[in-house]
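Just so it is clear, none of the values below were taken in a lab; they were calculated from the coordinates. Keep in mind that this is a model prediction, so the values were computed, not measured. All Cβ positions, glycine included, derive from the backbone under ideal geometry; neighbour counts span all protein chains shown.
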Amino acid sequence: LQKSLNETFGADKYSEARKEVLTNMFSRPMQMALYFCTGILEDETLFRHYALNVPFYTHFTSPIRRYADIIVHRLLSASLGASSPIKMEKEAIQRQAEHCNDRKMASKRVQELSADLFFAIFVRVRA
């Protein structure tokens, strides 16, 4: 897809903008990753990462970026015995995960609406 987009849009002053907007639109249908507390879910197949084909998967980035990543770092550190267990019940962890999912979805929606607005303005200007 990326190669096709690169070849299609030429080199005019709007080519990068067209490519970025359409790449964003093509990626919308992809399922977003969700945070959840494994102690809440009984079905371990939900821990699977489809694209990587691994039965157990966790993901996190630098803990300076998002609260969810801080929690994952703390839980992983405790599970490896590198730190003491965190003092949160699994239900509280699940509530935090759901809150982070809600905020991430809201942020994604605003990003999509912004791209839609840009695209509408772009089409109007180019018409």
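Computed over the chain, the range of Cα coordinates on each principal axis works out to 60, 28, 26 Å, biggest value leading. The count of lysine pairs in the chain that are at least 8 places apart or cross chains, and whose C-alpha atoms lie under 28 Å apart, stands at 9. Between Glu98 and Tyr57, the contour length at 0.36 nm per residue exceeds the Cα-Cα span by 13.0 nm. Extending 7 Å from the Cα toward the beta-carbon at both Phe122 and Leu76 defines two label points whose distance is 3.5 nm.
Neighbours of Lys104, meaning other residues whose beta-carbon lies under 11 angstrom from its beta-carbon, give a summed charge of +2 when Lys and Arg score +1 and Asp and Glu score -1. The stretch between Ile64 and Leu22, if pulled fully straight at 0.36 nm per residue, gains 12.1 nm over its current Cα-Cα span. Highest mean packing comes first when the peptides 110-122, 43-55 are listed by Cβ atoms within 10 Å, giving 110-122, 43-55. Converting phi to 3J(HN,Hα) with the Karplus coefficients 6.51, -1.76 and 1.60 and the offset θ = phi - 60°, region 92-109 yields 5, 5, 5, 4, 5, 4, 5, 5, 4, 4, 4, 5, 5, 5, 5, 5, 4, 5 Hz in sequence order, with x at every glycine or proline.
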